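Novice: Before anything else, here's the structure in question.
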Amino acid sequence: KLGKSSENAIFLKIFRAKKNVKTGKWEDVESLPFNSDDFNTAHPALSPDESYLYFASNRSGVFGESDLYRVKINGDSFGSPENLGDKINTPAKETFPFVSADNELCFASDGHLGLGGLDVFAVKIKDNRFLKVQNVGKPVNSEFDDFAYVITYDKQLGFFSSNRTSG
């Protein structure tokens with residue numbers, strides 16, 4: 001179903017579904033309870049132990065254009081969305097979260113000090129707290145938009161998106 005805001009805008013939402021192992025079909029598709037027709041809820045990423053869902057949103061109370069949030073997963077239900085705070089979020093845009101197997105939050109931002117446009121940043125999560133945000137640097141980051149970074153457990157293989165002219 002297509003939901004629209006009071007200004008007739010369409011916003012992104014996160015859904016979940018269960019895969020029927022017998023038929024291979026997705027069933028019980030449902031919108032997550034913290035979605036809205038009035039703001040974006042996008043780019044979901046699970047923590048390695050699947051206890052938290054991280055996402056980007058421009059809901060009320062953001063520090064900037066869009067912020068990163070997480071929500072505790074309690075079996076089939078969810079806690080309340082928690083803004084990751086001003087160590088992570090800036091007055092600009094934070095988006096495309098990913099949590100590595102060694103509990104490092106990677107995300108794109110155009111508000112932290114970078115090389116230009118969106119850059120990829122990483123911050124270690126320790127005892128449910130975020131340590132120092134660091135730019136991952138070149139060759140991942142460039143003067144173009146670099147985002148949607150994922151990396152394997154052994155850090156030997158990773159992928160990211162970019163709008164570089166070299167494609």
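Novice: For segment 99-144, what relative contact order do you get, as a whole percent, if you take Cα pairs closer than 8 Å and at least 6 residues apart?
Specialist: Computed over segment 99-144, the figure is 34 percent.
Novice: In terms of the ratio Rg/(2.2 N^0.38 Å) built on C-alpha atoms, what value belongs to segment 54-96?
Specialist: It is 1.16.
Novice: Once fully extended, how much extra length lies between Gln134 and Ser60, figured as 0.36 nm per residue of separation less the alpha-carbon to alpha-carbon distance?
Specialist: Here the answer is 24.0 nm.
Novice: Tell me the relative contact order for the chain as a rounded percent, counting alpha carbon contacts under 8 Å between residues six or more apart.
Specialist: Reported as a whole number, the value is 13 percent.
Novice: Which one, Phe96, Phe130, Phe107, has the greatest fluctuation when you compute a Gaussian network model over the chain with C-alpha springs under 10 angstrom?
Specialist: Per the Cα network of the chain with a 10 Å cutoff, Phe130 tops the list.
Novice: With the full set of protein chains in place, find how many percent of the accessible area of segment 35-164 is carbon and sulfur; take the probe as 1.4 Å.
Specialist: C and S fraction of accessible area: 51 percent.
Novice: If you don't mind, another one. Could you grab the Rg to Rh ratio for the chain? Cα atoms only, Kirkwood for Rh.
Specialist: Computed over Cα atoms, the ratio is 0.98.
Novice: Further question on the same structure: Please turn the phi angles of segment 132-142 into ³J(HN,Hα) values with the Karplus equation 6.51 cos²θ - 1.76 cosθ + 1.60 (θ = phi - 60°), one per residue in order, whole Hz, x for glycine and proline.
Specialist: 7, 6, 10, 6, 6, x, 6, x, 5, 8, 8
Novice: Hey, another quick one. Rounded to the nearest 5, what % of DSSP beta bridges with both residues in segment 1-114 are antiparallel?
Specialist: DSSP beta bridges in segment 1-114 are roughly 95 percent antiparallel.
Novice: So what are the ³J(HN,Hα) numbers for segment 81-89, from phi and the Karplus equation (6.51, -1.76, 1.60; θ = phi - 60°), rounded to whole Hz, Gly and Pro as x?
Specialist: x, 10, 5, 6, x, 7, 6, 9, 8
Novice: Further question on the same structure: Give the Rg/Rh ratio for segment 75-167, taking Rg as the radius of gyration of the Cα atoms and Rh as the Kirkwood radius, to two decimals.
Specialist: 0.99
Novice: Could you go through segment 19-30 in sequence order and give the Karplus-derived ³J(HN,Hα) for each residue, using 6.51 cos²θ - 1.76 cosθ + 1.60 with θ = phi - 60°, rounded to whole Hz, and x for Gly and Pro?
Specialist: 3J(HN,Hα) across segment 19-30, in whole Hz: 8, 6, 5, 6, 9, x, 9, 7, 10, 6, 5, 9.
The values are calculated or read from the model by the stated rules, or taken from the named source; none is laboratory data. No experiment lies behind these values; they were computed from the predicted model shown. Quick note on the areas: whole protein, heavy atoms, side chains included, nothing else; ligands and nucleic acids left out. Shrake-Rupley method; radii C 1.70, N 1.55, O 1.52, S 1.80 Å.
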